Every structure is written in structure tokens, then in C-alpha cells.
Amino acid sequence: MAATLTAGAPARPRKLLASRRTRVGILYALPVVVYLLVLFVYPIFSTLLLSLKDADGSFTLHWYADALTGVNLSVLITTLRISAETAVLSLVFGFILAQAITRLKPILAGLAMLIVVVPHFISALVRTYGWIIMLGDKGLVNETLTWAPGAPYQLLYNELGVVIGTTSMMLPYTVLLLYGVMRGVDRRLLAAASSMGAGRVTRPLPPSRG
């Protein structure tokens, strides 16, 4: 019997490919695959191959050597540092915000998500000018913190301003992803964890009030 199953196993993929539904599915997927290959895969590999060619067409790695030396290396390190800072801040604030929204009733949660998402659809130019007004020397933040020592603070045209701007752009994505996952958690598991003595750190999401 085992021999019969072993002998029949290779025939299953062939039978599956021979079915009409599978052929129709492959036919429908073919335009999408061709589209991705032509407009995404081919340009990426073409650029990769171009980066390995010298001016005369010979193989070289000096483009990568130039990118990892001098001012190029400094720019690369700064970019990676800002990216890491943005990722950490987006994750922290996104988690706190998504957790707070999950505690709300469905109607209030929908309004809160609308407030989070709508700024993402505003023009980047408008948002940039908004941050200039908020973070400038005479902006809302510095005018509010006039009592603090060292005010006004330099919050623009430096790494701090860049991190604030990039975090504000990435925050809606983080909140949407975390909120979707948190809403999918079975509340009975959280109640069971609480009854077994789990604290707020190990059980950060309370049962929904909606």
C-alpha cells in the first residue's frame, strides 16, 4: 500500500496542472507576472549589473568602494542612523497609540483611526510647512516652552527635525499594522491570562469595552 502511495505521489502535481481550473488560474496570473518581471525585476537587475561595470564595460567594484569611503560613507551612516531612529520611534509611539485605540468603543476607535490616517493624504509640501510653523523658533512648540531653560530650541534644519518629520510620515503605517493585529487578538485569551496573574506588561491589551 505504501508503494502504491509513493508511486502515485509524483502523478499528483501533473494531475493538478492538467486540471482546467489550474490552467485558467495560471493564464489569469500570467499578465501580472509579466508586468512584475518587466517593470520591477528587470530594472532592478539591470541597475545591479550596471553598478558592476566600468566605463569601458569591464567588471569592477570601484563604485561600491567609492560608496563606502569618504563623505559617501558618512552620508550612508547618517541615513542608516536616521532610519533606525525613525523605526524605533514609530514602533514605540505606534504601539502606544494602537493600544489606546483598541481600548475605545468601535465608533470612537473608527474616529481615532480616521484622525491617524487622514494626515497621510495631505500633500507633503503642506505637511512640511506645517512642521515649520510648529517647530520654528517662533513656532507653537517654542512659544509654549518659553518657560523652559534653553528655549527657544533648535528643532528645524537638523537631524532632530528630520527624525520628527520622517516619524510623522511612518506613524500611520505602524498604527494601521499594529491595530489590525491587536484587534485580531482573542479577548478571551487576555481575560484568561489576567485570571492567571499576568500583569499589564505581559498582558498589555485589556478586553475591549465595545
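Dimensions of segment 46-122 along the principal axes, based on C-alpha atoms and rounded to the nearest Å, stand at 65, 25, 20, largest first. As a fraction of the 1.4 Å probe accessible area of the chain, surface on carbon and sulfur atoms comes out at 75 percent. For the pair segment 55-94 / segment 159-192, the C-alpha centres are spaced 26 Å from each other.
Whole-percent P(r), the chain, all Cα pairs, 10 Å bins from 0: 6, 15, 19, 21, 21, 12, 3, 1, 0. With the simple spin-label model, which puts each label point 7 Å out from Cα in the Cβ direction, the ALA191 to SER83 separation comes to 4.5 nm. Within the chain, the longest run free of exposed loop sites, counting chymotrypsin sites (Phe, Trp or Tyr not before Pro) that sit outside DSSP helix and strand states (H, G, I, E, B) and have at most 15 other Cβ atoms within 10 Å, spans 1-146. Solvent-accessible surface of segment 81-197, averaged per residue with a 1.4 angstrom probe and all protein chains in place: 65 square angstrom.
Pairwise Cα separations in segment 90-171 fall into 10 Å bins from 0 onward with the following percentages, short to long: 16, 36, 34, 13, 0.
Helical runs (DSSP H, four residues minimum) scored at -39500 (n - 2.57) apiece and divided by the length of the chain put the mean residue ellipticity at 222 nm at -21500 deg cm²/dmol.
The values are calculated or read from the model by the stated rules, or taken from the named source; none is laboratory data. Remember, predicted model here, so these are calculated numbers, not experimental data. Quick reminder, even Gly has a Cβ in these numbers, built from the backbone with ideal geometry, and neighbours come from all protein chains shown. With ligands, DNA and RNA removed, areas are computed over all heavy atoms of the protein, side chains included. Shrake-Rupley method; radii C 1.70, N 1.55, O 1.52, S 1.80 Å.
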